[in-house]
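Below is one structure, written out as structure tokens; the observations come after it.
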Amino acid sequence: MIFSNDLSSLLLTPTVSTAIYAAGDMIGALTALTTDGAGSPGPVLHRGGSGRIAKAVLYDAGGQIQTHTIRLWLFRDNPTAATLTDQAPVVIPTADQTKVEGFIDFNQASGGQFSSAGVFQVIQQRCEIIYECVLDTLYGAFAAVGTPTFPASTNLSARLWFARD
């Protein structure tokens, strides 16, 4: 694989619940990261393409991510057999296990750089996740590792930077 030096980015913004999440619960809904067909701004340049995630930033307007790890599961194809429902435990059955391309744990313990300004918090995570999409879409699903409670449904989002081949 030869990766482009040009990075593109996409923002994932799930609608989150304002009730407390249990550890292992899905946060929001499965999100599709896709190309527009012209090679930008998606994770691949063509159907069945590949790339790598070089950097990821998690944004939290509700002040939860410094004390609660958030995991972002990444899938090469739609995990149709998985249970990925907001406020329910993430379940990835055998039929979908090979669709997992990786995951990102947003926290300081795994090397994330944390900063805040009031209740707004951000964690920047350097990555080297190489992926290949079955078609032209990478899928993302957030999960609670801790037990966060978000004050508003729009408090959480993440930006991923892609180098596409």
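The values are calculated or read from the model by the stated rules, or taken from the named source; none is laboratory data. If you're wondering where the values come from, they're calculated on a predicted model, not measured in any experiment. Note that we place each Cβ from the backbone using ideal geometry, even for glycine, and neighbour counts take in every protein chain shown.
Taking the range 104-126, which residues are hydrophobic (A, V, I, L, M, F, W, C), farther than 11 Å from Ile65 by Cα and part of a loop (DSSP other than H, G, I, E, B)?
Ala109
Among (1) in contact with a Lys or Arg (Cβ under 7 Å, 6 or more places away or on another chain); (2) within 15 Å of Ile70 (Cβ to Cβ), which single condition is Tyr131 missing?
Every listed condition holds for Tyr131 apart from (2).
Pull up the range 92-114, narrow it to residues that are exposed (fewer than 13 other Cβ atoms within 10 Å of the Cβ) and under 18 Å from Asp25 (Cα atoms), then point me to the one that is farthest from the chain's Cα centre (by Cα).
In this case the residue turns out to be Pro93.
Out of curiosity, is Asp136 at pLDDT below 95, charged (D, E, K, R), under 23 Å from Leu45 (Cβ atoms) and touching a Lys or Arg at 6+ places or on another chain (Cβ under 6 Å)?
Considered against the rule, which asks whether it is at pLDDT below 95, charged (D, E, K, R), under 23 Å from Leu45 (Cβ atoms) and touching a Lys or Arg at 6+ places or on another chain (Cβ under 6 Å), Asp136 comes out as yes.
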